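Everything below concerns the one structure shown next.
The values are calculated or read from the model by the stated rules, or taken from the named source; none is laboratory data. Keep in mind that this is a model prediction, so the values were computed, not measured. Virtual Cβ from ideal backbone geometry, glycine too; neighbours counted across all protein chains shown. The area values use the complete protein model at the heavy-atom level, side chains included, leaving out ligands, DNA and RNA. Shrake-Rupley method; radii C 1.70, N 1.55, O 1.52, S 1.80 Å.
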Amino acid sequence: MAANLRVLRRRIKSTKNIAQITKAMEMVAASRISKAQARVEAARPYSEEFTHVLRTAAKAGASDHPLLTPREEPKRAAIVVVTSDRGLCGGYNANVLRETERLIRRLDDEGKESTLYVIGGKGTAYFRFRNREMSGQFTGFSEVPDYSNAAHAADHLTAAFLAGGENEVSVDWDEDEHADSGADRKVMFRAPQDAEGKPGVDEIHVVFTQFRSMLTQTAVALQVAPLDLESEDDESETSGSDDSSSSGGSGGSDDSDGSGRDAEYAFEPEPEVLFDSLLPKYVRARVFAAMLDAAASESAARQRAMKAATDNANDLVDNLVRESNQARQAQITQEISEIVGGSDALAQ
């Protein structure tokens, strides 16, 4: 009886310690959510407007650029998977990885080979355990990503996209200090040294958790490149560009931003040169926006998971205290019975 009581008291003490730890983790996650949410709200308009401007400008005369035109018979597609570095965040990582597997199956059905670029330790461990080859692994910043982290990962994607699905990434430079992408085009972009020899791709997809509210975060898969020019339903028909000017000798256009406000584009320099320059910035902006969404979602998921763990620990402590009291009461009753029995024996 006494041994059972000691075990119960030891379990109560350890459970209370666990509850204190999970409560502290809940408070840390809660403190990060507001900052992460503010970064999402600050970065999202830039990313969305960047994409919108590229779409509308593409209709002005640069629609044959690789960023804007789906390639004939695409061979490979890059999938950027954004997960967390640490666990204890409920089903956050499981949802992202499930969406990734769904995208891989869809690409397989379309005859495209998937090339994985994984952000976060949990995603890396998941694919390494299953012996899946990864072209890029980036860890250590999932909760608080900065732009340099996104730029490093996005530059690998840009280099692979410029190389094309039938080639490998080359980091050689020509005498004009233009990066040789390995494809027919030469652009003002220098591929990272560690991207040398990685397989090129024809498409770029990003799988991440989109932060919609404190209670709702959804795992989504978005195609970053080539851009889908018809995906914006708020775009009205372009009005043509016969009378629009182009200082670089290219065309311009009138377009609508969805609110009835016409937009006119004049290209300086040529549209091809302009889009070559914008491609790395565009990929960086989309990857950075996805990482910020994922960071906010991770903190929200961790706060909910830790709150549930704290509540469960407190419930377990209550049950153990009740069981301990019953055991102590039984022990006291037994001791009283032994005293009374001994006293009766002495009286006889």
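Computed values, structure above
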quantity: Odd one out for Lys16, checked against (1) in a helix (DSSP H, G or I); (2) of a type in the set (Lys, Arg); (3) closer than 30 Å to Ala266 by Cα; calculated: (3)
quantity: Residue list for segment 94-140, restricted to those being open to solvent by less than 20 Å² (accessible area, probe 1.4 Å) and of a type outside the set (A, V, I, L, M, F, W, C); calculated: Thr100, Thr115, Tyr117, Gly120, Gly123, Thr124, Ser135, Gly136
quantity: Qualifying residue in segment 286-302 (condition: surrounded by fewer than 20 Cβ atoms within 10 Å (Cβ to Cβ) and either among the charged types (D, E, K, R) or touching an Asp or Glu at 6+ places or on another chain (Cβ under 8 Å) (or both)); calculated: no
quantity: Ala154 within 24 Å of Arg284 (Cβ to Cβ) and out of contact with any Gly (no Cβ under 8 Å at 6 or more places or on another chain); calculated: yes
quantity: Segment 9-48, residues that are open to solvent by less than 70 Å² (accessible area, probe 1.4 Å) and acidic (Asp, Glu); calculated: Glu26
quantity: Strands (runs of 3 or more DSSP E) (entirely within segment 62-140) containing at least 3 residues that are among the aliphatic types (A, V, I, L, M); calculated: 76-82, 113-119
quantity: Cβ-Cβ under 9 Å pairs, at least 6 apart or on other chains, segment 42-60 side polar (S, T, N, Q) and part of a helix (DSSP H, G or I), far side open to solvent by 20 Å² or more (accessible area, probe 1.4 Å) and modelled with pLDDT of 75 or more; calculated: Ser47/Arg286; Ser47/Phe288; Thr51/Arg286
quantity: Test for Gly87: is it under 22 Å from Ala305 (Cα atoms) and exposed (fewer than 14 other Cβ atoms within 10 Å of the Cβ); calculated: yes
